[in-house]
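Each value in this text was obtained by applying a stated rule to the coordinates, not by laboratory testing. These numbers were taken from a predicted model, which means no experiment stands behind them. Here the Cβ positions follow ideal geometry from the backbone for every residue, glycine too, while neighbour counts run over all protein chains shown.
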Amino acid sequence: MNSNLRIVIAAFVSMLFIIAWQNFTHEESTTTEVKILESTKKDGDDHLISAEQSRPVGVKEDENKKIVTFRNNLISGSINLVGARIDNLDLLKYREEINDNKHVSLLSPPSSKNPYYAELGWISDDPDLEIPTRKSVWSSNKNDFGPNDNITLSWKNSKGIEYVINFHLDESYMFTIEQKVIGLQNKKVSCYAAINKSLRPDNQNQMMVHEGGIGVFGNKLKEITFEKLNKSNHKFPGLDDYWFGFSDKYWLTAIAVQGNSTSNAQFSSYRINGQRKYQADAIISNTQNNYNKIYLFTGAKELKLLEHYKEKFNIKLFDRAVDFGILYFITKPIFIMLNYLHTLVQNFGVAIILLTFFIKTLLFPLAYKGFAGMNKIKKIQPELARLKSLYKNDKQKFQISVVELYKREKVNPVSGCLPILIQMPIFFALYKVLYVTIEMRHAKFCLWINNLSSPDPTNIFTLFGMINWNPPSFFNVGVLPIIMALTLYGQQVLGPQHSDENQVKVMRILPLVFLFMFASFPSGLVLYWSCSNILSIVQQLLIKKFTK
């Protein structure tokens, strides 16, 4: 089989694998139950902090709305004074759907359909020490706060010992939270911080992007899928500087714990009323003077902002919350370049075209060698056909004679494969960028392409909306994939033709196969591949002209 054909088929199979990888999801395991503990142990063993009794006994639902509100330009929400929970937060910069006015709701209270909230408190092994619980009602020094502002919650026990939580909100998504105890003599209590989450339908585990528990412990990134949490708890004892939380495709809620304390962190799974819930929590012991400071991030995974917090608060590997995958060393630079081009032209579609032009220019020397090698192969096709006919009954002699022919004519049979081989990692990396980065979410290009992170919305099988028919997803073929397939066919026409008619027929079918395959890919990726094909055609024409 021709080497170029093998490479194209290998690329085709690889792309099929990517599609399966993207769409394959794991169903939730329901065989493992985790017992919800009534109490919490100081040593960190099984220290699941249950949300089952989150509403105070005897308090009606309408009486439980004791809150203080916060707001800046990016988020708005509230802290529930019952239990000191941050259980309401909307992202003001992002909409649920592209043409929807409803903001993305990230955090929600335990009584909601999909609970997702952060809570803080203390634990102690001393049964005589009265500490606040998630039933306790806190007092606040004011009713609301904004960017670069503070609010203080306090609770006193019957002996006058005061527990204080101070919240500071910056201009983006970060809370600085201080916990301290006033009046506690010769005793120490441990602080805890927890994030509780339910599994929404759009949080099903996907192979293309990590969704689930995430954290950096001992300078190593740990990603724990919801499926793994269903099977067992994951514990990380004896920590100092680290962060942990839950990562969605575009959003992150995480707690960073730093310095001068000993911590035990854990990811857990449990059920309440038949609903699967998840918890990431930490017990922070040996604090100085019963004082502890943590950072709570809850917002969009904007790379530039994550890197800012990484440097400002020394939160290690915080930028890795964006799932750039195993090709991180390629994916992140591509995103940085794409984002930079976007700042210049203010359009991600145009930025993708410019990025394509840059990559094709960078790879032109290899493309030149590849196309020149393919043209040499084309010239020796008659001789190859003669040798094949001459040694049709002796494969060994045929192979020896072909090798000698390649040496004599100075032909490298794999030279035409180099541009394809080098472009494949770039292709996969760009696919990852378009799929996981928040900056690409709902990014518009022009005309009908109003979301580069989703497939082309047009469909040739409905005559682009003229026929009222809902075809199977396999037949959702838009304009952009058609352009891509036509440009791929144009490349084949300009390239050297193989003498084997069967291989030629297979090559002619590939654009049609790619048409249906690329129809489900993000529009931005199809735009990149189409532009790459067009530039390859231009390069082929120029190389043919210069090598005559």
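Hey, what do the phi angles of segment 280-295 turn into as Karplus ³J(HN,Hα) couplings, whole Hz, using 6.51/-1.76/1.60 and θ = phi - 60°, x for Gly and Pro?
10, 9, 9, 9, 10, 10, 6, 6, 7, 6, 6, 10, 9, 10, 10, 10
What Kirkwood radius, in Å to one decimal, follows from the Cα pairs of segment 35-323?
Its Kirkwood hydrodynamic radius stands at 19.2 Å.
Would you list 529, 448 from fewest to most Cβ contacts within 10 Å?
Values: 529 25, 448 14.
Listing 529, 448 from fewest to most nearby Cβ atoms yields 448, 529.
Can you give me the distance in nm between label points at residue 336 and residue 113, each placed 7 Å from the Cα along the Cα-to-Cβ direction?
4.1 nm
Nearest 0.05, what FRET efficiency do residue 240 and residue 143 give at R0 = 30 Å with Cβ-Cβ as r?
With a Förster radius of 30 Å, E is 0.25.
Between residue 225 and residue 73, take the C-beta separation as r, use R0 = 30 Å, and let me know the FRET efficiency to the nearest 0.05.
On the way: r = 34 Å, r/R0 = 1.12.
Efficiency, from the Cβ-Cβ distance: 0.35.
Can you give the extra length, in nm with one decimal, that the chain gains between residue 467 and residue 512 once fully stretched, where that is 0.36 nm per residue apart less the Cα-Cα distance?
13.9 nm
With N residues in segment 246-295, what two-decimal value do you get for its Cα radius of gyration over 2.2 N^0.38 Å?
1.45
With a point put 7 Å past each Cα toward its Cβ, work out how far residue 404 is from residue 326 in nm, to one decimal.
Using points 7 Å along Cα→Cβ, the separation is 4.3 nm.
Which residue, chosen from 208, 313, 69, occupies the Cα position most advanced towards the positive end of the dipole of segment 35-323, where the dipole is computed from +1 (Lys, Arg) and -1 (Asp, Glu) charges on Cβ about the Cα centre?
208
Can you put 359, 131 in order, fewest other beta carbons within 10 Å first? Intermediate results must be reported in sequence, preceding the final value.
Working: 359 21, 131 18.
Result, fewest neighbours first: 131, 359.
Testing the spin-label approximation: label points 7 Å from Cα along Cα→Cβ at residue 158 and residue 361. State their distance in nm.
Roughly 7.7 nm, to one decimal.
Kirkwood Rh and Cα-based Rg: tell me the resulting Rg over Rh for segment 193-325, rounded to two decimals.
Result for segment 193-325 is an Rg/Rh of 0.96.
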